[in-house]
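Following: one structure in structure tokens, then a few remarks.
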Amino acid sequence: MNSSNPRALPAVEKVLKALGEQPVPRPLVTNLVREAIQAKREAKEGVADFEVFVREVQLEIDHLNRARIQAVINGTGVLIHTNLGRSPIQEAAAQRMHDIAVNYNNLEIDLDSGARGKRGRYFEQLLAQLVDAEAATVVNNCASALILILRLFTANTGKKEVLISRGELVEIGGGFRVPEIMEASGATLREVGATNKTSLNDYARAIGPETAMLLKVHRSNFWMEGFVDSPTTEEMAALAHEHGLAMVEDLGSGAMVDTGQLAPIEHEPLANEILKRGVDLVCFSGDKIFGGPQAGMIAGKAELIAGLKKEPFFRALRCDKLILTLLECTAQAYLDARATSSIPSLPLLDMLQLTVDSLRERGEAMGKELAGLPVDWSLGESTAQVGGGTMPKSAIPSVTLDLKAHGLKAPVLAKRLRRQALPLMGYIAEDLFRLDLRTVFPRQDAQVVNAITLALS
């Protein structure tokens, strides 16, 4: 077929036959073919070259296929990379999840009585013990946890106002902002203080008959320096309780161990520390420093946790069998390690503890494996980041494997590496493609060499 006549368009079946077997389901391929033909028709174009048209459709199929969730190698130096799935899961937890996924399980069965059981009961006990709380529960993410808490104190009391400092009205990523989350719960936001300075008296003056609670949001994804000030959690909790109000803190990151012991970074507040300061409820994420799957964990006073679980909205936010399994394994790893005064072996915590010398040794070994390939390599110094909207001031010393391919610009090499069967992600700086080795698992070193070899072939 060699015509620009809009009527001279190939039949769908002819294009499908030319494409042959594809890695995506046939109905999706058929839709893509129809859309491509329709686009030509609407543009009043024909298909001048059938083979070129088929290749164009093939590119769309390949693009769609790469959109499926798959494993990648993270060489970006961002440990909790939101776009790459945040914290990786412990191998033992993943194996346990597989066992639960392929079998029936006791999600809501009491194996002693045979009667209906309570979903998440074991994890709730683990979490309460882990953070030294009266009780705990979990929903599908931290934004949901905050909405549920706000509904508890506003929808059921007739009071709508929630007091929060203007310096804590953060955007948590993806365009989602704390004020919007609060409004979605039905609460009325009452801002107090200024962006850089909020005093305890600002809160005291704002408390009125419509006040339901005081909310403190941890600045987990930014920091302020200079002429800044804000009351402590203890002071806010005392003020709230003096007026018969609840005090809640959204902690965000979910650190369970002293981060300062893991790497040369600052101490991230722990949930048990916040609870000891007098807050009634604390919430935090499961897939950040906690090192588990996406989840929103809530801990604090037993009567309030019971109230949250009675909320009709709670059912819409609950976690499924697989998430609960991963959470159980992660929390148990922390408690088992606590019994021996050690740090649990979780992927994120292990990466934080890697030494620069060990990274350099691995980089040298990988570089030697690239001998004979059309690429110059060297090792560079870098600073890895915790990431995931967590600990923005932290800069962790790291090592990069820097590549300069012969006759190939860095963006082209980066694209080729992203399109490998096991995609390899890095970043470009000073015309070099760089791989930060802190976020590459040692078990992936050979795969990194293989990906580079294939990209250069």
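The values are calculated or read from the model by the stated rules, or taken from the named source; none is laboratory data. Predicted model, so just to flag it, every value in this text is computed and none were measured. Cβ placement follows ideal geometry from the backbone for every residue including glycine, while neighbour counts extend to all protein chains displayed.
Are any residues in the stretch 425-434 buried (at least 18 other Cβ atoms within 10 Å of the Cβ) and under 27 Å from the mean Cα position of the chain (by Cα), and if so, which ones? Matches in the stretch 425-434: MET425, GLY426, PHE433, ARG434.
Residue selection: ASN105 satisfies the criterion of being of a type in the set (S, T, N, Q), more than 30 Å from GLY363 (Cβ to Cβ) and in contact (Cβ under 8 Å) with a residue 40 or more places away in the chain. Look through VAL257, VAL282 and report the one residue that is out of contact with any His (no Cβ under 7 Å at 6 or more places or on another chain), in a strand (DSSP E or B) and in contact (Cβ under 8 Å) with a residue 60 or more places away in the chain. Every option except VAL282 fails the conditions. All of LEU413, LEU359, LEU352 fail the test of being in a helix (DSSP H, G or I), in contact with a strand residue (DSSP E or B) (Cβ under 8 Å, 6 or more places away or on another chain) and either over 29 Å from GLN90 (Cα atoms) or among the aromatic types (Phe, Trp, Tyr) (or both), apart from LEU413. Note on the stretch 395-410: residues that are surrounded by 20 or more Cβ atoms within 10 Å (Cβ to Cβ) and in a loop (DSSP other than H, G, I, E, B) total 0.
Restricting attention to the stretch 118-133, report how many residues are assigned to a loop (DSSP other than H, G, I, E, B), touching a helix residue (DSSP H, G or I) at 6+ places or on another chain (Cβ under 8 Å) and closer than 22 Å to ARG315 by Cα.
The number of residues fulfilling the criteria is 2.
Just one residue in the set LEU422, LEU437 is buried (at least 19 other Cβ atoms within 10 Å of the Cβ), out of contact with any Pro (no Cβ under 6 Å at 6 or more places or on another chain) and on the phi < 0 side of the Ramachandran plot; that residue is LEU437.
For the stretch 16-26, state whether one or more residues are assigned by TED's automatic domain parsing to the domain that holds LYS288, in contact (Cβ under 8 Å) with a residue 40 or more places away in the chain, of a type in the set (A, V, I, L, M, F, W, C) and surrounded by 14 or more Cβ atoms within 10 Å (Cβ to Cβ). Within the stretch 16-26 (the criterion being assigned by TED's automatic domain parsing to the domain that holds LYS288, in contact (Cβ under 8 Å) with a residue 40 or more places away in the chain, of a type in the set (A, V, I, L, M, F, W, C) and surrounded by 14 or more Cβ atoms within 10 Å (Cβ to Cβ)), the answer is no, since none of the residues qualifies. Which of the residues spanning the stretch 41-75 are in contact with a helix residue (DSSP H, G or I) (Cβ under 6 Å, 6 or more places away or on another chain), surrounded by 18 or more Cβ atoms within 10 Å (Cβ to Cβ) and of a type outside the set (A, V, I, L, M, F, W, C)? Of everything in the stretch 41-75, just one residue is in contact with a helix residue (DSSP H, G or I) (Cβ under 6 Å, 6 or more places away or on another chain), surrounded by 18 or more Cβ atoms within 10 Å (Cβ to Cβ) and of a type outside the set (A, V, I, L, M, F, W, C), namely ASN74. The set of residues in the stretch 416-457 that are assigned to a helix (DSSP H, G or I), within 17 Å of LEU359 (Cβ to Cβ) and hydrophobic (A, V, I, L, M, F, W, C) comprises LEU437, ALA446, VAL448, VAL449.
The one condition from (1) among the basic types (Lys, Arg); (2) within 22 Å of the chain's Cα centre (by Cα); (3) in a helix (DSSP H, G or I) that LYS288 does not meet is (3). Tallying residues that are farther than 15 Å from TYR122 by Cα and crowded, with 17+ Cβ neighbours inside 10 Å within the stretch 312-346 yields 6. Would a scan of the stretch 307-320 turn up a residue that is touching a residue at least 12 places away in the same chain (Cβ under 8 Å) and either small (Gly, Ala, Ser) or within 14 Å of MET247 (Cα to Cα) (or both)? Yes, that holds for at least one residue.
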